Amino acid sequence: MRIIRAFFVSLGIFILVTGIVFAQTWEFIFPTIVTDESATAQTGLPVMLGYGGQSMIDSGKIDADGLNTNMQVGTNDIKYMMSTTQVNIVLVSMPASAKVTADLYTNYAPAQTEFPIVIGGNGQIVIEDNALIELGNNFDIDMSAYFDTSATGNIFNKTGAFDIFVDSGDIIAEIKGATWIQVAPQLNAQTLIYSLAVHNGKLYGGTSGGGRLFEWNDVNAWVQVAPQLGAITNIHALAVHNGKLYGGTNVSGQLYEWNDVNAWASVAPQLNGQIAILAMAVHNGKLYGGTNAGGRLFEWNDVNAWVQVAPQLNAETALLSLAVHNGKLYGGTNVNGMLYEWNDVNAWVEVAPQLGAETLIISLASYNGRLYGGTSINGLLYQWNDNDQWVEVAPKLAETVIRSLEVHNGSLFGGTGSLGKLYEWNDIDAWVEVSPQVGGQTDIYSLADYNGKLYGSTYNGGRLFEWDTLTIEATVASGEHDIIVAADAANFNITVDTIEEDTVALAGATVTNTAEVTRIFEDTTVPYSTGYTMDIGGVTRLDYVEPTTMVIGAAYDGTADAGGTVTTIVDGELTQGDDYWNFAILTITDTTDDLAPEGEIAIITDFDDATNTLTFLGSMTVATDAGDTYTVDFGTLLDDTVNNLDGRITWGVNEDLGILYSEMQPFADTTAAASADLGFNMPESVMPATWFAAGENLVNLPFYDSWNATATDIGMPVQTLYFFSLIGTALLVFMILATTTKSAFVALLGMLVIMFTGSSMTIVPMWIPFSILIVDIGILFLYRQVSY
């Protein structure tokens, strides 16, 4: 009776242990070798393998949904997503300057139930603007994903309105431009704060209507620190020079120095009849002033006088703005909206004539290596081409005047008149209104970045406003997390894995409707996601779950016309709407001469439907010719299960990675697939080769050809057929020995001899008989006898 019980226990062990092997079967393996060319080790690395699943569907190797596949590195499963045009994987680790082989298994069992969302490095999902997904002040954004907090970039972005991003190990959420908040009312009947400056850790304003100097108390009020001096009514410009604060005056063109306590002192009288110092700047250790009426440039002698270093040029009567850019001093003019560059000696040089109808360059700012000008009479933004022309980069948006420009938190802002709005440039081609007029203030005359916040001074009440960006953050280690960023009309908070990490009061703030698209999972911050949900007002508006079928990719194959450059392609067959192909991947597939730029890849930054022109980031080695062929791939739509607000996937790119493909091999031919001729090596292991039983010795077994033919006929890998036969033989030996010797020990020993013999033939992995041996010894020990 005990022998029979031992038999059935052993049989159960067989079924349990070998069931794991039978549960994981496959037909073909396709090895792809990924090579690091960056010399930097990486973790959680998304990689695009450069081939799609459609060809495998067409050849019958996988099902139409792609779920009967698996992807492994060595013997470990990895995250991957199948689409018809791309197979994207996530490598757990990529050693520096090393190679990692990712194996795609076809006709794999057990089949997958879903795929994670993997869009590749520097990819993104774009969701078109829709009233249903305007966040307002009551929302819940729930993201389940692997977050790479060693990267820097956006997780969620709606330009000018809302951001969730990664920076230095922190995940930060911002309601941008929540509102202008008044932090200082009018003081002493001063109707205008012409200019702002930061000096010795405090914020100062120069006034009109009394020529006074105000200091902000950092809470809620201006404090007068210098009264009017003489008959001067306006402090039109402020500048900090050699540790002191200076004011340029109107109506006498004097220069004032503050005594750091309670009074102005005149340190330069009027010169050459110039009635006003409209702008000031520090350049090469000296203080300069731009004048009216004459458009001259003055240099202060650091003691008691202005010195003229550039006379009037042409008909320009006033220097409305000054800025230092790339080591040179520039001035924006009135009456013809020109840009002047000082020759550093004694004269202005015109470097940009009037553009369009703009007559005034009221403000200048150096931003991201380029010089920008804010104009009147149409409130445009101009960019200088660093040579001889203005280029319009933002048309009119309601306002007619850009009175002030300031760089804040990596963006360029403009203060306007006559509606007192705040604009942010989208870094491409437009202003975005980020704050409306507040409190009847008609003009934002000056902007200043102070203690990490943006401030604006106004007319017609001489007030100070703070542009309040609400910020919450959480320090998060790289890995899988569930992160919720939410607002409930009262508070704004971030939760990581059910723990609230930060919260602030909304205090009336709301996310502005900027009519911009929403971009999620940009850059390299999210290698893969398993779910993204957006609830607004308690109602689910977006729900991107893991795809349960192969994602359908989309691409356009075109042929270039004449007229292309190293940064553009013209194709008259492109009939889509303006900006349709923005952020898509462009690949030059073939050239008429089979030379460059064949095979080169770029990201499209703009599609102009009027000229059928694709403009892309960077440049090709040479321009395309008529007849060159290309592919534009913007990925596909990620299915929203609630309101059909599908997200358009823009596939990422492989940066500093090499991809090498091996031949697809059937189950029984994995030895061939592992040969050096294919540039592919099986993963090394400290265990002997027979420990995993890859089946490399099956071809040497007797009657292999007939066994292989039988296995093919019944649709079974030949190794599985041998495996079944080996188990049957082992169980038969066990029964014979158990009944003839009456010894469970002898029966188990005979069975294990058969199993280990099969392992030596690479039919069965050696770990299986070892596992059975250990468990059976334990059973025999519990029986406390080995013979009956």
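For region 109-141, enumerate the residues that are of a type in the set (S, T, N, Q) and over 14 Å from the mean Cα position of the chain (by Cα). GLN112, THR113, ASN130, ASN137, ASN138 - these are the residues of region 109-141 that are of a type in the set (S, T, N, Q) and over 14 Å from the mean Cα position of the chain (by Cα).
Looking for something over 28 Å from LEU726 (Cβ atoms) and assigned to a strand (DSSP E or B) - is there at least one such residue anywhere in region 51-66? Among the residues of region 51-66, not one is over 28 Å from LEU726 (Cβ atoms) and assigned to a strand (DSSP E or B), which makes the answer no. Looking only at region 398-418, residues that are modelled with pLDDT under 90 and either basic (Lys, Arg) or part of a loop (DSSP other than H, G, I, E, B) (or both) come to 4 in all. Which residue is nearest to TYR556 (Cα to Cα), if the candidates are limited to region 614-647 and must be more than 24 Å from the chain's Cα centre (by Cα) and buried (at least 19 other Cβ atoms within 10 Å of the Cβ)? Top of the filtered list is TYR630.
Residue-by-condition table, conditions (1) acidic (Asp, Glu); (2) part of a strand (DSSP E or B); (3) at pLDDT below 95:
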| position | (1), (2), (3) |
| --- | --- |
| ALA173 | no, yes, no |
| TRP180 | no, yes, yes |
| ILE193 | no, yes, no |
| ALA197 | no, yes, no |
| THR207 | no, yes, no |
| ALA231 | no, no, yes |
| GLY248 | no, yes, no |
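Return a yes/no flag: does region 277-293 have any residue that is at negative phi and in contact with a Lys or Arg (Cβ under 7 Å, 6 or more places away or on another chain). Checked against the condition, which is being at negative phi and in contact with a Lys or Arg (Cβ under 7 Å, 6 or more places away or on another chain), region 277-293 yields no hits at all.
Is there a residue being of a type in the set (D, E, K, R), over 16 Å from LEU313 (Cβ atoms), not in a strand (DSSP E or B) and not assigned by TED's automatic domain parsing to the domain that holds GLY153 anywhere in region 333-346? The answer is no, given that none of the residues of region 333-346 is of a type in the set (D, E, K, R), over 16 Å from LEU313 (Cβ atoms), not in a strand (DSSP E or B) and not assigned by TED's automatic domain parsing to the domain that holds GLY153. Any idea how many residues of region 575-596 are assigned to a loop (DSSP other than H, G, I, E, B), under 23 Å from GLY123 (Cα atoms) and not acidic (Asp, Glu)? Final tally of qualifying residues: 7. One residue stands out among those in region 334-388 that are more than 38 Å from the chain's Cα centre (by Cα) and among the β-branched types (Val, Ile, Thr): the one that is surrounded by the fewest Cβ atoms within 10 Å (Cβ to Cβ), which is VAL345. For region 202-216, a residue qualifies if it is of a type outside the set (Asp, Glu) and free of Cβ contacts under 8 Å to residues at least 24 places away in the same chain, and the qualifying residues are LYS202, GLY210.
Go through region 271-295 and report how many residues are crowded, with 17+ Cβ neighbours inside 10 Å, part of a loop (DSSP other than H, G, I, E, B) and more than 46 Å from the chain's Cα centre (by Cα). Residues meeting the conditions: 3.
The values are calculated or read from the model by the stated rules, or taken from the named source; none is laboratory data. Quick caveat, the model's predicted, so the values are computed rather than measured. Positions of Cβ are generated from backbone atoms using ideal geometry, with glycine treated the same way; all protein chains shown enter the neighbour counts.
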